[in-house]
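Please treat every number below as a calculation from the coordinates, not as lab data. Computed from a prediction, not measured in an experiment: that's the story for all the values here. Here Cβ is always computed from backbone atoms with ideal geometry, including for glycine, and neighbour counts include all displayed protein chains.
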Amino acid sequence: MDKFNIAIDGPAGAGKSTIARLVANALGFVYVDTGAMYRAVTWSVLRSGLSPDQESEVIALTERLDIRLAPGDQGQQVFVDDQEVTSDIRSAEVTGNVSRIAQIAEVRRILTDKQKRLAADKGVVMDGRDIGSHVLPDAELKVFLTASVRIRAERRFKEIQDQRSEVTLEQLEHEIATRDRMDEQRETSPLVQAADAILLDTTNMTIPQVVEHILGLCRSKV
Ligand code: C5P
């Protein structure tokens with residue numbers, strides 16, 4: 001199959017990263033998790049003792065950071081200035097602040113430029129919130145993945161029980177709904193389904209079913 005780009009967008013916990021990674025593996029494409037980039041900036045901001053409200057300092061820091069994504073055994077590994085932060089960027093503190101950082105237009109511009117460069121040679125499966133609508137408007141296939149808030153919270157609950165054993169399902173549901181609202185309501189490239197994206201509600205689908213469905217779309221589209 002010739003190389004082309006696939007954009008996978010959707011709200012928090014819709015299974016985008018798992019599915020994008022499996023689709024990329026099946027096609028021999030490169031997987032790019034753009035949420036990990038916003039998380040890496042947020043992790044660096046917090047570690048530097050900055051508050052997300054110190055916008056000019058956050059922008060200057062973002063410009064200096066070397067964020068690198070590399071394929072690993074357990075999914076994608078994330079490095080900031082050569083320090084591995086793969087699991088640190090999934091902490092509750094980073095998750096609670098990332099949508100605030102993602103509202104800063106200049107941070108988005110810096111990361112979007114990087115994302116466009118990563119996809120320039122095609123053969124990329126990129127997941128995020130604004131990939132089909134803004135980062136890769138010419139992607140050959142765009143999928144908007146969604147599921148009910150309850151089911152997304154249940155999936156996330158199972159996933160993170162080891163790291164955050166104190167968290168309840170209700171708290172997770174609230175966190176996810178708050179993050180969705182901030183992502184949908186921000187001024188710069190909000191979370192939105194691109195006009196030419198295919199909507200896939202995965203509430204009643206298993207991961208292999210979703211992956212197979214997207215691979216079928218690849219076969220029929222390209
Ligand atoms: O995908 P993930 O849930 O890890 O993304 C974390 C946060 O990063 C999102 O809630 C959103 O605020 C931000 N993000 C974004 N645009 C993207 C990817 C992620 O604003 N393309």
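Key figures
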| item | result |
| --- | --- |
| Cα centroid separation, segment 21-94 to segment 151-205 (Å) | 18 |
| Hydrodynamic radius (Kirkwood) for segment 103-222, which is based on Cα pairs only, to one decimal in Å | 16.2 |
| Relative contact order (%) - segment 88-222, alpha-carbon pairs under 8 angstrom, separation at least six | 34 |
| Dipole of segment 131-222, positive end: most advanced residue of Ser133, Ala147, Pro208 [Cβ charges, Cα centre] | Pro208 |
| Space enclosed by the convex hull of the alpha-carbon atoms of the chain, per residue, Å³ | 118 |
| For a label point 7 Å along the Cα-to-beta-carbon line of Ser220, residues of segment 127-153 with backbone N under 18 Å | 140-146 |
| Range in the chain, longest, excluding exposed GluC sites (Glu not before Pro) [loop by DSSP; at most 16 other beta-carbon atoms within 10 Å] | 1-139 |
| Residues in segment 96-119 that a label on Glu55 would reach, taking backbone N under 19 Å of a point 7 Å out along Cα→Cβ | 97-113 |
| Under 17 Å from the Asp138 label point (7 Å along Cα→beta-carbon), backbone N, segment 1-37 | 3-7 |
| Computed label-point distance, nm, for sites Ala70 and Asn204 using a 7 Å Cα→Cβ extension | 4.5 |
| For the chain, size of Cβ-based charge dipole, Lys and Arg +1, Asp and Glu -1, in debye | 440 |
| Rotationally averaged projected area of segment 1-106 (alpha carbon convex hull; nm²) | 7.3 |
| Cα-projected label distance for Glu184 with Ala26, points at 7 Å along beta-carbon direction, nm | 2.9 |
